[in-house]
Amino acid sequence: MIDRHLCKLASILTVAAILLGPVAAHAALKIGQPLPAFSVTTPGSQQVVNQSYNGRVLLLVFSTDYCSACKAAAPDIGKLAGRYGKQGFNVLGLLSGFGMDNDDLKEYIKTYGVTYPMALFEQRFAEEQFGVRSVPYSLLVSKKGAIAGIYYGYSDRTIKQIEDHVKKLLAE
């Protein structure tokens, strides 16, 4: 009886392993390491790569179309971009949404009042390259291209922490 149950369990696990395929390793980004290379295209067909921000402080903001906190964060992040943009600070939003295209992204930007550049990305890419497991997820990158801060979620406190860190990085 036990042997039969073990055989069934082994069969189920084998089928699950075949269906799921290999599990990708998630990046575990750390403060001080270089920002992983990326290349995205904005709805206006502008190609953006990480080298586009050399010598500037960058906030890379990962969001999804179904995340209410991501939508709520957009105006505050836009205010930071406006406040510090002339001092060498940029924001790039990366949005993932099932079946979304550039027209959907344009609508998202308009609907939620996004005032900084955004591009679409694949969720799997964000997980594998940047360690994104939940959103909103933000990476603050120094002028030298190193990860200076990793922020999870959205709150007034998080925005204040990011702003304080941005001011410090701009002063370096």
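The values are calculated or read from the model by the stated rules, or taken from the named source; none is laboratory data. Source: prediction; values computed, not measured. Note that each Cβ is placed from the backbone with ideal geometry, even for glycine, and that neighbours are counted across all protein chains shown. Surface areas here come from the heavy atoms of the whole protein model, side chains and all, with no ligands, DNA or RNA. Shrake-Rupley method; radii C 1.70, N 1.55, O 1.52, S 1.80 Å.
Observations on the model:
- Unique match (being hydrophobic (A, V, I, L, M, F, W, C), open to solvent by less than 70 Å² (accessible area, probe 1.4 Å) and under 20 Å from Q161 (Cα atoms)) among V91, V114: V91
- Applying a threshold of 6 Å to beta carbon distances and a minimum spacing of six or more residues, or different chains, the list of pairs starting in segment 45-67 at a residue that is without any contact (Cβ under 8 Å) to a residue 60 or more places away in the chain and ending at one that is open to solvent by 30 Å² or more (accessible area, probe 1.4 Å) and assigned to a strand (DSSP E or B) reads Q47/T41; V49/S39.
- Residue satisfying all of: in segment 136-145; open to solvent by less than 40 Å² (accessible area, probe 1.4 Å) and farther than 17 Å from C70 by Cα; nearest to the chain's Cα centre (by Cα) among these: V141
- Residues (farther than 20 Å from V48 by Cβ, out of contact with any Ser or Thr (no Cβ under 6 Å at 6 or more places or on another chain) and of a type in the set (F, W, Y)) located in segment 120-172: Y152, Y154
- Set side by side, the residues G149, G97, G113, G131 differ, and just one is out of contact with any Cys (no Cβ under 9 Å at 6 or more places or on another chain), modelled with pLDDT under 95 and either basic (K, R) or under 18 Å from I31 (Cα atoms) (or both), which is G131.
- Within segment 27-79, strands (runs of 3 or more DSSP E) holding 2 or more residues that are crowded, with 17+ Cβ neighbours inside 10 Å: 57-64
- Some residue of segment 121-135 being surrounded by fewer than 17 Cβ atoms within 10 Å (Cβ to Cβ), assigned to a strand (DSSP E or B) and not basic (K, R): no
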